[in-house]
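> There's a structure below that I have some questions on.
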Amino acid sequence: MDKLSLRPGLIWGSQLEDVFSYCKECLCALPAVNVIGSSSINAALIAAKEAQAPIIIQFSNGGAHFNAGKLLPNEGQRAAIAGSIAGAYHIAHLAQEYGVPVILHTDHCAKKLLPWVDGLIKAGEDHYKAYGKPLYSSHMLDLSEEPLEENITVCQRYLERLHAIDMFLEMELGVTGGEEDGVDNTEVDSTRLYTQPKEVLQAYTALKEVGRFTVAAAFGNTHGVYKPGNVKLRPIILKNSQNEVYTNIHTDNPRPIHFVFHGGSGSEKEKISEAVSYGVVKFNIDTDTQWAFTRPVREYMDAKHDFLMSQVGNPEGSDKPNKKYIDPRAWLVLAEKGMKNRLIEAYKDLNAYQKFIFRYE
């Protein structure tokens, strides 16, 4: 099978459909990494360049607010909207400089956060009208805490607007356990961690005529990293869900659904490969990349401890300046390298490493 050829910049619409379909044919998936500012964005872009594969870059609501500045007031989600828009323009420009294709996405949007995505869709509509392409590739609605019927109905309504500007919707069925970005599902009923295939069929049937979408179906996924044995992944749920849709709707493809693997950090490699074989095309990774970013900073601080106690004076002399040690660039670049390396590992685990061709003409 020939490698899929892509140009640098934003991937959206039918091209994104082509990418996800290609991933399923090749039995690979793409890492979707949460970013919070320029340093984590840099790490994601350089990882994609080295891996010779697209990167999915996503902002959570809190990450978007942080990108705008955590001290900026966020009444009415203004700061989160501003941080998301600024991040989109920043990433789109640098993707051209790095020479990499990017899928730009927003992560978990619970019901209370809908004004955030409302603002981004309006910005996307304005951008599409001006430039003929959306600002983002996709947005996620996480209404898994709501009744299934409400979840599906709201997703239908939002997908209508997104489809009009060539965007995807990601919806969640079932609950991802653990805690992330202020959403705490650590005490959730364990039965809700496993989506039922009939729920997937119901959602697929309702959305398939509206537009393009992906499904984050829960199969025991948990945000964060825990001791071995605490998380019980059952990827077979994804296979059963594909079969449920294929059998009842008679789709051309026996794996018609583009699945998303949430809570990927710390997952067993065999479970990752199994999930990919059942149609996972997007693999969310956050806790592992946070640790990969933070660990080199901690190591730097430990190693340079005596050079970081004041602006002047260190083991080399009481009058020696410490400017080059206290310069944040000295340790931020190490953080970027650490995060980049973890993403390269993810590309390899997902069988996506060097599976694409980048065109620069």
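> Out of region 87-119, which residues are within 15 Å of the chain's Cα centre (by Cα) and either of a type in the set (Phe, Trp, Tyr) or not in a helix (DSSP H, G or I) (or both)?
Hits for region 87-119 are Pro101, Val102, Ile103, Leu104, His105, Thr106, Asp107, His108, Cys109.
> Can Ala92 be described as closer than 22 Å to Ile285 by Cα and among the aliphatic types (A, V, I, L, M)?
For Ala92, the condition - closer than 22 Å to Ile285 by Cα and among the aliphatic types (A, V, I, L, M) - is met.
> Return the residue satisfying two criteria in turn: it lies in region 314-360 and is without any contact (Cβ under 8 Å) to a residue 24 or more places away in the chain and in a loop (DSSP other than H, G, I, E, B), and of such residues it is nearest to Glu270 (Cα to Cα).
Ranking the candidates gives Asp327 first.
> Among what's in region 27-80 and is touching a strand residue (DSSP E or B) at 6+ places or on another chain (Cβ under 9 Å) and among the β-branched types (Val, Ile, Thr), pick the residue that is nearest to Lys122 (Cα to Cα).
Out of the qualifying residues, it is Ile57.
> Continuing with the same structure: Please indicate, with yes or no, whether at least one residue in region 9-28 is under 27 Å from Arg329 (Cβ atoms) and at pLDDT 95 or above.
Within region 9-28 (the criterion being under 27 Å from Arg329 (Cβ atoms) and at pLDDT 95 or above), the answer is no, since none of the residues qualifies.
> Within the set of pairs 6 or more residues apart or between chains, which connect a residue that is farther than 20 Å from Arg212 by Cβ and in contact (Cβ under 8 Å) with a residue 60 or more places away in the chain inside region 129-149 to a residue that is of a type in the set (Val, Ile, Thr) and part of a strand (DSSP E or B) with Cβ atoms less than 9 Å apart?
Short answer, once both residue conditions are applied: none.
> Please go through region 251-291 and give me each residue that is in a helix (DSSP H, G or I) and either on the phi > 0 side of the Ramachandran plot or crowded, with 22+ Cβ neighbours inside 10 Å (or both), ordered by number.
Within region 251-291, Ala275, Val276, Thr289 qualify.
> Considering only residues that are assigned to a helix (DSSP H, G or I) and either more than 13 Å from Cys155 (Cα to Cα) or not polar (S, T, N, Q) (or both), which ones fall in region 195-215?
Pro197, Lys198, Glu199, Val200, Leu201, Ala203, Tyr204, Ala206, Leu207
> Further, regarding this structure: Please note which helices (runs of 4 or more DSSP H) are completely contained in region 1-82 and include at least 1 residues that are basic (Lys, Arg), in contact with a Gly (Cβ under 8 Å, 6 or more places away or on another chain) and touching a residue at least 24 places away in the same chain (Cβ under 8 Å).
Ranges flagged: 13-26, 38-51.
> Restricting attention to region 120-156, which residues are outside any helix (DSSP H, G or I), more than 29 Å from Gln196 (Cβ to Cβ) and of a type outside the set (D, E, K, R)?
Those that are outside any helix (DSSP H, G or I), more than 29 Å from Gln196 (Cβ to Cβ) and of a type outside the set (D, E, K, R): Gly132, Pro134, Leu135, Tyr136.
> Asn341 - would you say it is closer than 14 Å to Pro54 by Cα and polar (S, T, N, Q)?
no
> Okay, next question. Could you please tell me which pairs satisfy a Cβ distance under 8 Å, a separation of 6+ or placement on different chains, a first residue in region 248-260 that is more than 24 Å from Asp107 (Cα to Cα), and a second residue that is assigned to a loop (DSSP other than H, G, I, E, B) and basic (Lys, Arg)?
Short answer, once both residue conditions are applied: Ile249/Lys208.
> Mind checking whether some residue in region 260-280 is modelled with pLDDT of 95 or more, in contact with a His (Cβ under 9 Å, 6 or more places away or on another chain) and more than 30 Å from Pro321 (Cβ to Cβ)?
Taking every residue of region 260-280 in turn, at least one turns out to be modelled with pLDDT of 95 or more, in contact with a His (Cβ under 9 Å, 6 or more places away or on another chain) and more than 30 Å from Pro321 (Cβ to Cβ).
> Let me ask you something else. Can Arg192 be described as in a helix (DSSP H, G or I) and at pLDDT below 70?
yes
> Looking at Glu145, Glu160 in this structure, which one is of a type in the set (Asp, Glu) and at pLDDT 95 or above?
Glu160
The values are calculated or read from the model by the stated rules, or taken from the named source; none is laboratory data. As the structure is a computational prediction, the values presented were derived from the model and not from experiment. Positions of Cβ are generated from backbone atoms using ideal geometry, with glycine treated the same way; all protein chains shown enter the neighbour counts.
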